[in-house]
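The values are calculated or read from the model by the stated rules, or taken from the named source; none is laboratory data. Please read these numbers as outputs of a predicted model, since none were measured by experiment. When we count neighbours, we look across all protein chains shown, and the Cβ atoms used for this are built from the backbone with ideal geometry, even at glycine. Just so you know, the surface numbers come from the protein's heavy atoms only, side chains and all, with ligands and any DNA or RNA stripped out. Shrake-Rupley method; radii C 1.70, N 1.55, O 1.52, S 1.80 Å.
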Amino acid sequence: MMLLLRISGFISAFMAIIVLAPSLQSFPPAEAIRSSHFDPYLRFPGRISSPDRFSFRQASPFRNAAECATVAENSTICDPSLVHIAITLDEEYLRGSIAAVHSVLQHALCPQSIFFHFLVSDPGLQTLVLSAFPDLRFKIYYFDPDRVRRLISTSVRSALEQPLNYARNYLADILEPCVRRVIYLDSDLVLVDDIAKLWRTRLGSRTIGAPEYCHANFTKYFTSRFWSNPRLAGTFADRRPCYFNTGVMVMDLHQWRKAAFTRRIEKWMEIQKGGGLSGRIYELGSLPPFLLVFAGHVAPIEHRWNQHGLGGDNVKGSCRDLHPGPVSLLHWSGSGKPWARLDSNRPCPLDAIWAHYDLYGPTSTATATAAAAAAADSSSSSRLIKLKQK
């Protein structure tokens, strides 16, 4: 039985790579003019005790396609033609963040029109970004852990308790006032489509947009204490709340600032923290406060933009398949991260897709990368199933 399950898993992965093959091979025009070769390894500067562990290749040069709007070399962060992306950088998820940025650039028609906002707790990471992406438009923002540490309660997984995991709550305060919209991305995902399509999402009167999953059991995200308290449970009165994953969000920062949503989120964290172990209202990390404030008031985005859960659950991190439907973004939410599974020689089938964007130096991922390339090259059968990206 185990053998059959294993074979089934690899067949699913092969089919997924076939599905994604057009996006791995047929890049938009901007990609066609880029070199396919990588420059020599770059060493990670700063406080890492074992620099060889953080050896990255420099990404290939990238530039806009002819049909892209012209962005001046000296343009400022306030240039209205820019696409703004926010992502965190820390040592534990560094490899994932670099792969995520690489995937965005690989599939963007206008990569020079993208501005990255990196939130860090170690300012020394700026040197790494420059060495891996010399021509990248970006800015480093220091996020003080003490700003949120007092509000963080214990979670089912220690990674969810890290202060930087809550930096997304403060984007409206940290980023420049002229930045009125931003796409927030987690560090454990890759794009296989042009981020500009997500950027053009219409939010209407909503402050955030995200794929919603209304079939999920919404009650499980809060404790019995929450649901048994009419005052707390009444938060969702007159709403139709649905679960959404906060790892991919389009955020209207102008609306956020006007409504002071950061403070609303903090108030719920204070209620959680003040209740003690016997009075907790939720068990997960930064997600429940977002649900309390926004669930039922989210602009729905196609599910293709967050094929989440590929990291399994929060305990075992077991392998999972893609959800039905087209794919524009793969997200390894859960405890199983593709770089860790590749390094341990226990990868899940879909991890080979992530490896395509990995700039990590050591050859431990070379086999997985080669496997992904070989599968992507597999001929006529790859045309039978196509990823819809229109």
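Figures for the structure shown
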| item | result |
| --- | --- |
| Residue match in the range 300-312 (condition: touching a residue at least 40 places away in the same chain (Cβ under 8 Å), in contact with a helix residue (DSSP H, G or I) (Cβ under 6 Å, 6 or more places away or on another chain), open to solvent by 10 Å² or more (accessible area, probe 1.4 Å) and in a helix (DSSP H, G or I)) | yes |
| Options A196, A216, A210, A167; residue that is among the small types (G, A, S), free of Cβ contacts under 8 Å to residues at least 60 places away in the same chain and in contact with a strand residue (DSSP E or B) (Cβ under 8 Å, 6 or more places away or on another chain) | A216 |
| Filter pass, N345 being at pLDDT below 95, over 18 Å from the mean Cα position of the chain (by Cα), farther than 26 Å from D193 by Cβ and not in a helix (DSSP H, G or I) | yes |
| Top-ranked residue of the range 189-222 - restricted to ones that are among the β-branched types (V, I, T), closer than 20 Å to H331 by Cβ and part of a loop (DSSP other than H, G, I, E, B), ranked as most open to solvent (accessible area, probe 1.4 Å) | T201 |
| Conditions (1) modelled with pLDDT under 90; (2) surrounded by fewer than 22 Cβ atoms within 10 Å (Cβ to Cβ): number failed by H297 | (1) |
| Matching entry among S60, S113 (being surrounded by 15 or more Cβ atoms within 10 Å (Cβ to Cβ), of a type in the set (S, T, Y), at pLDDT 90 or above and in contact with a Cys (Cβ under 7 Å, 6 or more places away or on another chain)) | S113 |
| Sole exception among (1) touching a Phe, Trp or Tyr at 6+ places or on another chain (Cβ under 6 Å); (2) touching a residue at least 60 places away in the same chain (Cβ under 8 Å) for T88, by number | (1) |
| Test: N74 is polar (S, T, N, Q), surrounded by 17 or more Cβ atoms within 10 Å (Cβ to Cβ) and either assigned to a loop (DSSP other than H, G, I, E, B) or touching a helix residue (DSSP H, G or I) at 6+ places or on another chain (Cβ under 7 Å) (or both) | no |
| Matching helices (runs of 4 or more DSSP H) fully within the range 92-188 where at least 3 residues are under 26 Å from Q307 (Cα atoms) | 94-107 |
| Scan of the range 260-299 for residues that are within 23 Å of P177 (Cα to Cα) and without any contact (Cβ under 8 Å) to a residue 12 or more places away in the chain, ordered by number | A260, R263 |
| Unique residue being of a type in the set (D, E) and open to solvent by less than 60 Å² (accessible area, probe 1.4 Å) when the list is D252, D238 | D252 |
| Among the residues listed as D90, D79, D144, the single one being at pLDDT 85 or above, surrounded by 19 or more Cβ atoms within 10 Å (Cβ to Cβ) and farther than 21 Å from H356 by Cα | D90 |
| Tally of residues being of a type in the set (A, V, I, L, M, F, W, C), assigned to a helix (DSSP H, G or I) and closer than 30 Å to R200 by Cα across the range 223-254 | 2 |
